[in-house]
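> Pasting a structure here, questions to come.
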Amino acid sequence: MTSDQRDTTRRTDKPQRHALLLRLDPAVHAALSRWAADELRSTNAQVELLVREALAAAGRLPRGTGPLPRRGRPPVDSG
């Protein structure tokens with residue numbers, strides 16, 4: 001197996017996430033960043049949380065949507 005094949009295999013282990021360019025007013029971005037920091041999240045994770053909550057409240061969150069990635073450090077392997 002070549003290194004290119006290994007790289008492709010690793011990339012397909014997790015579902016792909018889409019990137020989104022979002023233009024915000026600087027004051028809105030600052031408020032969002034503070035809110036995210038208060039909840040120990042990245043600004044990106046806070047945006048995803050808010051979008052998911054808005055979709056759920058509107059009854060538009062797709063049924064097959066996976067859970068949000070777990071916050072914090074990954075668990076330590078005990079082996």
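> Within the range 59-73, take every residue that is small (Gly, Ala, Ser) and more than 21 Å from THR43 (Cα to Cα) and give me the one that is farthest from the chain's Cα centre (by Cα). Break it down into steps so the answer makes sense when it comes.
Pass one, the range 59-73, residues small (Gly, Ala, Ser): 59, 64, 66, 72.
Now drop any that are not more than 21 Å from THR43 (Cα to Cα), which leaves 59, 64.
Numbers: GLY59: 20, GLY64: 16 Å.
It comes out as GLY59.
> A further question follows. Select from the range 15-37 the residues that are surrounded by 10 or more Cβ atoms within 10 Å (Cβ to Cβ) and among the basic types (Lys, Arg) and list them in ascending order.
Residue satisfying the conditions is ARG34 alone.
> Filter the range 34-58 for residues that are touching a residue at least 12 places away in the same chain (Cβ under 8 Å) and on the phi < 0 side of the Ramachandran plot and give the result. Don't jump to the end; show me each part of the working.
Of the residues in the range 34-58, the ones touching a residue at least 12 places away in the same chain (Cβ under 8 Å) are 40-41, 43, 45-49, 52.
Within the range 34-58, ARG41, THR43, ALA45, GLN46, VAL47, GLU48, LEU49, ARG52 meet the criteria.
Read-outs: derived from the displayed coordinates by stated rules, not from any lab. Please read all numbers here as calculations on a predicted model, not as lab measurements. Methodologically, a virtual Cβ is constructed for each residue, glycine included, from the backbone with ideal geometry; neighbour enumeration extends over all protein chains shown.
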